[in-house]
1. Rounded to the nearest 5, what % of the DSSP beta bridges within segment B:1-61 are antiparallel ones?
2. Specify the angular offset, from 0 to 90 degrees and rounded to the nearest 10, of the alpha carbon long axis of helix B:26-37 from the longest principal axis of the alpha carbons in chain B.
3. Add -39500 (n - 2.57) for each DSSP H run of 4 or more in chain A, then divide by its residues: what number comes out at 222 nm, to the nearest 500 deg cm²/dmol?
4. Which value, to two decimals, describes the C-alpha radius of gyration of segment A:14-124 once divided by 2.2 N^0.38 Å?
5. For a 20 Å ceiling on Cα separation, which of these pairs sit above it: A:LYS49/A:LYS77; B:LYS67/B:LYS109; A:LYS77/A:LYS109; A:LYS109/B:LYS110; A:LYS67/A:LYS109?
6. Using a label point 7 angstrom from Cα along Cα-to-C-beta, what distances in nm, from shortest up, separate A:ALA106 from the other copies?
7. Over the alpha carbons of segment A:54-111, what is the largest minus smallest coordinate on each principal axis, giving the biggest first in Å?
8. Which residues make up the longest stretch of chain B that has no trypsin sites (Lys or Arg not before Pro) in a DSSP loop with at most 16 other Cβ atoms within 10 Å?
There are 2 protein chains.
Amino acid sequence: MTVNATLYVCTTCRAGLEIPEDGERPGEAMLNALNDIGAPDGVDIKGVKCLSACSNGAAIALAQDGKWTYVYGNLNKEEHLQDIIDGAAAYAATDDGIIPWRQRSATFKKHTLSRIPALGSNHD
Amino acid sequence: MTVNATLYVCTTCRAGLEIPEDGERPGEAMLNALNDIGAPDGVDIKGVKCLSACSNGAAIALAQDGKWTYVYGNLNKEEHLQDIIDGAAAYAATDDGIIPWRQRSATFKKHTLSRIPALGSNHD
């Protein structure tokens with residue numbers, strides 16, 4: 001069982017940019033920058049090779065046992081690092097994964113790609 | 001613990017259509033049509049009020065304990081019902097949630113919004 005929340009960062013997609021095969025991808029750069037800041041309490045940061053959100057990269061997901069999973073897209077390390085870190089901490093602090101609207105950053109309000117109920121939960 | 005795979009169908013979004021407040025939403029119509037066909041073996045169909053994929057509605061998600069979760073969008077009951085049913089059955093039959101590419105319908109190949117690793121899994 002995973003105790004901490006997991007912040008997945010897709011390291012594969014080019015986010016619409018022209019990047020050589022061996023060049024650093026935007027999601028990989030974002031993952032490195034997030035690791036440099038450091039994961040907040042209650043959160044593990046993990047790179048993942050593909051979140052299949054290729055037309056909305058770079059993408060991240062937040063997941064934790066018993067909580068709604070959230071996927072966010074169209075992110076980059078220049079604009080969104082602190083909101084991702086703060087949002088991951090806020091997510092980890094919730095009971096159900098739903099950060100109260102007033103506490104959500106503009107990034108999390110505007111960049112949601114999808115959310116998925118916790119398995120077996122009362123998802124209404 | 002949830003044994004079957006779950007096919008979530010978002011019943012809320014208008015999928016870009018002009019629909020009166022009390023009118024049937026496209027996702028709701030799709031849910032009803034899927035239930036009329038009936039869930040394949042190993043799959044439960046569940047309506048969910050919002051998958052937060054509003055700009056890519058109608059949306060569905062496939063999830064099961066220990067498997068990748070997949071989210072698909074821009075679906076409708078006129079074109080995609082059978083591919084959704086067949087895809088849910090194929091998903092339920094996998095060990096990890098990844099339907100082999102050659103077995104995937106065009107709908108599942110082209111309409112993926114995102115996928116998320118199973119919690120605690122080796123997601124590479």
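The values are calculated or read from the model by the stated rules, or taken from the named source; none is laboratory data. The shown structure was predicted, so the numbers you read here are calculated from the model rather than taken from an experiment. Counting neighbours? That spans all protein chains shown, and the Cβs are built from the backbone with ideal geometry, glycine included. Ligands, DNA and RNA are excluded from the accessible area calculation, which covers all protein heavy atoms including side chains. Shrake-Rupley method; radii C 1.70, N 1.55, O 1.52, S 1.80 Å.
1. Numbers: 2 of 8 bridges.
Looking only at bridges with both residues in segment B:1-61, the antiparallel portion is about 25 percent.
2. Approximately 60 degrees, to the nearest ten.
3. Details: 3 runs with 30 residues, N = 124.
Calculated mean residue ellipticity at 222 nm is -7000 deg cm²/dmol.
4. Working: Rg = 14.1 Å, N = 111, 2.2 N^0.38 = 13.2 Å.
Its radius of gyration relative to the 2.2 N^0.38 Å reference: 1.07.
5. On the way: A:LYS49/A:LYS77 18 Å; B:LYS67/B:LYS109 18 Å; A:LYS77/A:LYS109 17 Å; A:LYS109/B:LYS110 26 Å; A:LYS67/A:LYS109 18 Å.
In this structure, A:LYS109/B:LYS110 lie more than 20 Å apart at Cα.
6. Once sorted, the set of distances for A:ALA106 reads 4.1 nm.
7. If we take the Cα atoms of segment A:54-111, the spans are 29, 22, 15 Å.
8. Values: sites that count: B:ARG14, B:LYS49.
In chain B, the maximal stretch lacking such sites is B:50-124.
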